[in-house]
Amino acid sequence: MAEPVVRIPDAKVALSTASVYPESTATAFEIAARLGYDGVEVMVWTDPVSQDIEALRRLSDYHGIPILAVHAPCLLITQRVWSTDPWVKLQRAQAAAEKLGASTVVVHPPFRWQRQYARDFVDGIWRMANETDVRFAVENMYPWRYRDREMLAYAPDWDVTKDDYRHFTIDLSHAATSRTDAMQMVDRMGDRLGHVHLADGKGSAKDEHLVPGRGSQPCAELLERLALSGFDGHVVIEVNTRRAMSGAEREADLAEALAFTRLHLASPVKVPRR
């Protein structure tokens, strides 16, 4: 006979500061602490606080909530944040992570029109990764779609498993938008999967970032696999709460996402009965 026990991996569950938009970075720290998240991932964007290392340090200390990851400013709306040179952006993201005690920098593959950056990207990420203990975890993206047209906006590829990186980020909402089998992508990432953006999606052309469990993605299955494999990276809740009608509704969504993650990030295992 065997008695069931629960195995919980060392992975920490963090809140992306993007999950509270249009509220501020400071609000994300407050909510993460109040709901019991293990930490935050800072999305560096147009909010000046997200760009200010000392301000972030003060927020972390005040709320007692560590900064576990830094998301480099890779979005269209952040093209001028921390320089217009994409390599400078990554250097500053690395420096921020080192100063703030974060273990991971999340980075998107280049836009196709960033030709020189895209040409050197894979080798450049390896060079940077060899110079620091911070993980550069390159995130899967998706084709841009409008009606029956598809645009390949990222290079070398939106499917980052086609290139050689030391660490990957899997984003399940992006997998839904690209209409990719997320678990097969995770299989291709193998032990180089270092970071997770947990959100759901229904396969829309829009990047939905739904609360886990509200779409068609294998959120629970992925978390259960991470538990069984002893995953030691971070699981980051990165959901869209822009349609929340109130702060209370936004917090309810983020509390639900945390509860879902904690529930499934615990795997039953059997041990022999003595």
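Brief remarks on what is shown
- Under the simplified labelling scheme, the Arg188-Gln116 pair shows an inter-label distance of 3.0 nm, with each label point 7 Å from Cα along Cα→Cβ.
- Percentage relative contact order, segment 8-159, counting C-alpha pairs under 8 Å, at least six apart: 16
- Most mobile listed residue (Ala26, Ala14, Ala137) in the chain, GNM with C-alpha springs under 10 Å: Ala26
- Prolate/oblate/rounded label for segment 122-274 (Cα gyration tensor, a/c 1.5): oblate
- At R0 = 35 Å, FRET efficiency that the Cβ-Cβ distance of Asp133 and Arg179 yields, to 0.05: 0.45
- For Cα extents along the principal axes in Å, computed directly from the structure shown, the correct entry in (i) 51, 49, 48; (ii) 73, 51, 29; (iii) 62, 42, 41 is (iii).
- Modelled spin labels at Trp144 and Arg80, positioned 7 Å past Cα toward Cβ, are 1.9 nm from each other.
- Probing with 1.4 Å while keeping every protein chain in the model, the per residue accessible area of segment 1-151 equals 50 Å².
- Cα gyration tensor category, rounded, prolate or oblate, for segment 46-101 with a/c compared to 1.5: prolate
- Estimated inter-spin distance, Lys202 and Ala55, nm [label 7 Å along Cα→Cβ]: 3.6
- Highest mean packing comes first when the peptides 184-196, 97-109 are listed by Cβ atoms within 10 Å, giving 97-109, 184-196.
- For the pair Asp10 and Ala220 in one chain, pulling the backbone fully straight at 0.36 nm per residue adds 73.9 nm over the alpha carbon distance.
- Glu98/Ser246 FRET efficiency (R0 30 Å; Cβ-Cβ; nearest 0.05): 0.20
- Carbon/sulfur fraction of accessible area - segment 50-127, other protein chains in place, 1.4 Å, %: 50
The values are calculated or read from the model by the stated rules, or taken from the named source; none is laboratory data. Given the structure is predicted, the values throughout are model-derived calculations rather than measurements. Note: ideal-geometry Cβ built from the backbone for every residue, glycine included; neighbour counts use all protein chains shown. Heavy atoms of the whole protein, side chains included, go into the accessibility calculation; ligands, DNA and RNA do not. Shrake-Rupley method; radii C 1.70, N 1.55, O 1.52, S 1.80 Å.
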